[in-house]
1. Across peptide B:73-86, what mean number of C-beta atoms from other chains lies inside 10 Å of a residue's C-beta?
2. Taking region B:91-158 on its own, what percent of its Cα-Cα pair distances exceed 15 Å?
3. To check you understand DSSP bridge types, tell me what percent of the beta bridges within the protein assembly as shown (both residues inside) are antiparallel, rounded to 5.
4. Test of understanding: express the Cα radius of gyration of region A:130-243 as a ratio to 2.2 N^0.38 Å, with N the residue count.
5. With only alpha-carbon atoms counted, please give the Rg and Dmax of chain B, in Å.
6. At a Cα cut-off below 29 Å, give the lysines reachable from residue A:73, other chains included and same-chain residues fewer than 8 away excluded.
7. How far is the Cα center of region A:103-155 from the Cα center of region B:1-55, in Å?
8. By how many degrees, 0 to 90 and rounded to 10, does the Cα axis of helix A:107-118 deviate from the longest principal axis of chain A?
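Every number in this text was worked out from the coordinates using simple rules, so none of it is lab data. All values derive from a computational prediction rather than experimental measurement. Ideal geometry is used to build each Cβ from the backbone, glycine not excepted, and the neighbour counts take in all protein chains shown.
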Amino acid sequence: MIAQKIKKNLQITGEITELFLAFVRCTFSKPFYLGRLYEQIIHLGIGSISITLVIGIVTGMVMTLQFGYGLEKFGGTLYVPAIVSLSLLRELAPLFTSLLVAGRIGSGISAEIGAMNVTQQIDAIRALGTSPVRVLVVPRVLAAVISLPLLGTLAGFMGIVGGLLIANSEFSMPAGFYINKVLTTIKFMDVFGLMIKCAFFGLVISLLACYRGFLTTDGTKGVGNATIWVVVTTSTIILISDFFLSKILLLLFG
Amino acid sequence: METLLEIKNVTKSFEDKQVHQGVTFNLYKGETIGLLGNSGTGKSVLLRSLIGLEEIDSGEIYYRKQRIDNLSEEELFKIRTKVSYSFQSGALFDSASVFENVAYPLFEHTQLKESEVETRVMEILNLVNMAESRDLMPPDLSGGMQKRVGLARSMALNPEVLLYDEPTAGLDPLNVDLVLDIMNQFKKRGFSGIFVTHDIPAAKKICDRLLILRDGKIYFEGTIEQFETSDDIFIKNFSSSL
């Protein structure tokens, strides 16, 4: 039983690696589908902006509120801008944005490709002499890898803005002081690390969603199962890999 | 007669079910052959195998003397522009209009300008009586219309061979006649074809030869006349049961 599970998981890992290599091959060889990439960036990226704004600003507000009241007892309110901005940029913005995107676009991609699979549209792409990886996977994965770092950065900065609103209104912290503290605390590498994390999470979400979409069988029930698998699996991978990515980035950039 | 497709001793199994146990036949230039058999005998699987949509276990498949069963997916792309497949459901891209579906292979495989693609697509859509529906989306089409658009898309690149997977299944008599008429027009234009069907009257209208798949092998191969006058009990029962 355990041996079978290990074998099955190794097989899945092998298939995903194969899909990733095909993605790399197709990304760097002609023909390029720039129109499809643009469509996907609009769909996956621009379509996620509003929810990213909400997540970012609310997270920043809540964190500032909690840290503000927590540190106030020890006279440490002035450290709130630094703590909030660093936590947001290094951890919370990439993590929350990616988890949100895993739910929104991961399930969307797997449902779309899964539905195409059960209605033989994927076979039709192959039968017409074209590659489903080139036509479907490359634009989606590239769009996710490009969009997610930008969304994560947006969420981080909206969080800082949310923090400013609460620091100013709840703790009477002057806006100039808050902004000055944030600017002296965060470094380029914090934003760069955020973007690296988000790009990696974008790759994981979109690649696994495409992979599961291609495997979808059993009609609409299969499509539903595929979306559940993608959300659960990608969220778990994001949470676990976040620790290791954080460790690596801390080692590299401090 | 010039041989376009040669299928030699093809075997295929799914887990423990042996579907094909040595299928052998040829398709010659200009002819249309009907591939018949009871449900579950692997007619569609065989058709899919011919262009590599399904991998075979053993045997050989040749297109114009070139062995194609051992080609990679990328190498098969070129073959698939010459040997085209029409799906039972139409398998239209549901996020693209009728026009875009038919134009897809032209944009992918030709250097035609947009105006030339438009002319070619409209010519094909006229042929299948779908020109007026060019801007409709697949979910807005009836089953018969979807099959006709699917046929149009499969012939857009002027392939040499068209593989029809049950194009008349589930259609009312009027639509069956429309589809058969389209297939006849393709035939007159010189396309060769393999027509998978349960519909013997339809096969008789279109096909030059009939093949019957039974127990994983070609059980019968012959002309319509040979089929109709066969003394074989299975053929007689098969013919009357359908």
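1. Mean partner shielding for this stretch: 3.
2. Values: 939 of 2278 pairs.
Taking all Cα-Cα pairs of region B:91-158, the fraction more than 15 Å apart is 41 percent.
3. Within the protein assembly as shown, antiparallel bridges account for around 55 percent of the total.
4. On the way: Rg = 19.3 Å, N = 114, 2.2 N^0.38 = 13.3 Å.
For region A:130-243, the normalised Cα radius of gyration comes out at 1.45.
5. Final numbers for Rg and Dmax: 17.8, 57 Å.
6. In chain and number order, the partners are A:181, A:187.
7. 32
8. In chain A, helix A:107-118 runs at an angle near 10 degrees to the longest axis.
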